[in-house]
1. What is the one condition in (1) over 30 Å from Ser40 (Cα atoms); (2) assigned by TED's automatic domain parsing to the domain that holds Gly380 that His111 does not satisfy?
2. Kindly state which strands (runs of 3 or more DSSP E) lie completely within the range 307-410 and contain at least 2 residues that are small (Gly, Ala, Ser) and within 19 Å of the chain's Cα centre (by Cα).
3. Looking only at residues that are in contact with a Lys or Arg (Cβ under 8 Å, 6 or more places away or on another chain) and outside any helix (DSSP H, G or I) in the range 225-255, which one is farthest from the ligand (Cβ to nearest atom)?
4. Out of Ala123, Ala135, I need the residue that is farther than 28 Å from Ala41 by Cβ and part of a loop (DSSP other than H, G, I, E, B). Which one?
5. Condition first: more than 30 Å from Leu51 (Cβ to Cβ) and either assigned to a helix (DSSP H, G or I) or touching a Ser or Thr at 6+ places or on another chain (Cβ under 9 Å) (or both). Can you find one or more residues in the range 195-207 that meet it?
6. If Leu22 passes every condition in (1) away from the ligand (no atom under 16 Å from the Cβ); (2) modelled with pLDDT of 95 or more; (3) touching an Asp or Glu at 6+ places or on another chain (Cβ under 8 Å) but one, which one does it miss?
7. Considering only the range 169-228, state which residues are assigned by TED's automatic domain parsing to the domain that holds Gly315 and over 24 Å from Phe388 (Cα atoms).
8. Among (1) more than 25 Å from Gly185 (Cα to Cα); (2) surrounded by fewer than 24 Cβ atoms within 10 Å (Cβ to Cβ), which single condition is Ala355 missing?
Amino acid sequence: MDTFDHIIIGGGILGLSIAYHLSRDSQDRIVVLERNELASAASSKAAGLILQASTKPLKTPLARLTRETIPLLEDELGEPVGFHEVGSLRIASTDARVAELESIEKDASSHGIPFQHLSPQEARERAPWLNTSAAQRITFFPTDGYIDPYLLSNAYGRAARNAGVHIRTRTDVQDLMIERDRVKGVITSSGDIAGGSIIDAAGAWASLVAARAGYPLPMAPTRSHYWITAPKPAYGGEFPVTLLPDVQAYMRPEVGGMAIGVQEPNSATFDARELPHDINTFSPTQGEEHWDVIADAMAAVSVFFPGIEEAQFAGYVSGLSSYTPDGSILLGAVPGVGGFFTAAGCCGSGIALSAGIGSALSAMVRDGHSGLDVASFSPGRFGRVDPFGREFRNRCAAARASKSHAAPAY
Ligand SMILES: Cc1cc2nc3c(=O)[nH]c(=O)nc-3n(C[C@H](O)[C@H](O)[C@H](O)COP(=O)(O)OP(=O)(O)OC[C@H]3O[C@@H](n4cnc5c(N)ncnc54)[C@H](O)[C@@H]3O)c2cc1C
């Protein structure tokens with residue numbers, strides 16, 4: 001039987017980032033097992049917003065690490081990973097959102113993340129299509145931006161491989177081997193593999209993997225989606241990522257047009273047991289008319305972006321994020337089973353947090369602690385739940401709907 005120090009289940013951005021960090025921080029033998037192709041599920045669908053400061057300050061160090069890791073990966077691999085440092089414009093037009101923005105600024109200050117207030121005219125110089133008449137406060141964070149999530153996943157994977165990590169695609173993990181409450185290895189479609197530690201980074205399927213150890217993770221696969229306009233010079237170009245928390249929408253450049261995401265009041269959630277193994281054979285829209293969602297949001301968004309009324313929509317991207325009831329990630333040891341860890345339930349921010357999560361989990365697996373304040377991300381914090389039932393999934397959908405307006409759900 002093959003033997004490794006660490007077995008990582010899932011070759012999305014999190015599995016690959018964890019592999020990269022473990023290989024950078026140790027001489028351990030590491031294998032990543034992916035049943036399809038690398039980054040073929042949520043990690044290739046993301047809008048790729050890289051936002052650092054937020055209303056959830058404990059996430060900020062993780063996001064900042066990702067921002068710092070991007071140039072390191074580019075140096076290491078000798079090529080760009082598709083990051084566009086266009087900054088983010090965050091616009092508040094009600095007192096509640098102004099208060100949120102102030103708390104985000106405080107968070108940014110305490111983590112050394114630069115920002116500046118803009119006048120309406122300065123904001124329009126950066127985003128000429130923007131109507132600022134409703135804005136009470138506009139803050140620009142110059143080191144934010146957006147990234148090609150597939151290229152970043154690929155970069156973690158290549159750097160890990162260069163450091164000796166084994167990456168096996170078309171390898172389905174079918175069960176865990178557990179002896180005396182400790183993981184010993186995995187049973188896969190290509191044979192058994194023994195491992196000292198096992199890391200569940202299986203995305204929307206992570207609760208199913210953990211259920212094999214008797215602890216289905218408290219998270220639900222939840223629909224996320226965005227729409228892409230046809231190219232148009234009036235709003236094409238490298239303008240900043242723009243967040244409109246009052247109308248729960250975001251925009252970013254997309255090949256001469258604009259990608260627009262809106263947060264629905266009732267996001268669809270799914271029973272992970274009913275998902276196919278390959279998400280590309282599955283539509284989270286479920287026959288619903290997704291154009292209605294953007295049409296419903298249009299009047300509100302047009303207050304800030306009047307051009308949306310005439311925009312031609314040329315594309316639509318949908319996929320599954322995984323949400324928890326409190327809108328925070330699951331990161332660390334899975335209760336009750338020694339040597340078993342997870343990084344999942346990313347609540348629409350797995351790309352932005354990817355290096356922070358990889359680095360923290362690598363330290364936890366090797367040393368038992370991460371060096372960061374991650375106790376509130378503990379996978380056991382909700383106690384035992386039935387994550388597949390309607391009642392629990394509704395709690396996750398509500399977390400997505402009420403996710404900080406100032407840091408929108410993607
Ligand atoms: C439309 C959309 C927009 C988004 N926008 C953003 C954004 O702007 N910024 C941001 O930070 N995040 C965003 N996200 C969220 C982000 O995409 C996810 O948080 C992130 O990709 C999760 O990565 P992952 O590695 O956990 O999961 P995945 O990429 O889904 O990878 C999990 C992998 O595990 C494999 N797997 C599962 N079970 C097994 C098994 N038993 N054996 C072997 N392999 C297995 C799967 O095949 C899959 O490849 C968005 C998501 C969506 C859907």
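1. The number of the failed condition is (2).
2. Working: elements: 313-323, 330-333, 340-344.
By residue number, 313-323, 340-344.
3. Within the range 225-255, the first condition is being in contact with a Lys or Arg (Cβ under 8 Å, 6 or more places away or on another chain), and the residues that meet it are 239-243, 245-246.
After this cut, where a residue has to be outside any helix (DSSP H, G or I) as well, the list is 239-243.
Details: Phe239: 16, Pro240: 14, Val241: 9, Thr242: 13, Leu243: 11 Å.
Checked the range 225-255; the qualifying residue farthest from the ligand (Cβ to nearest atom) is Phe239.
4. Numbers: Ala123 fails: part of a loop (DSSP other than H, G, I, E, B).
Matching residue, one of Ala123, Ala135: Ala135.
5. So the first thing to find is which residues in the range 195-207 are more than 30 Å from Leu51 (Cβ to Cβ), and the list is 195-198.
Those still in the list that are either assigned to a helix (DSSP H, G or I) or touching a Ser or Thr at 6+ places or on another chain (Cβ under 9 Å) (or both) too: 195-196.
Yes, that holds for at least one residue.
6. It fails just one condition, (1).
7. Residues satisfying the conditions are Tyr226, Trp227, Ile228.
8. Here Ala355 clears every test but (2).
The values are calculated or read from the model by the stated rules, or taken from the named source; none is laboratory data. Since the structure is predicted, the reported quantities are computational estimates derived from the model, not experimental observations. FYI the Cβ positions are ideal-geometry reconstructions off the backbone, even for glycines, and counts take in every protein chain you see.
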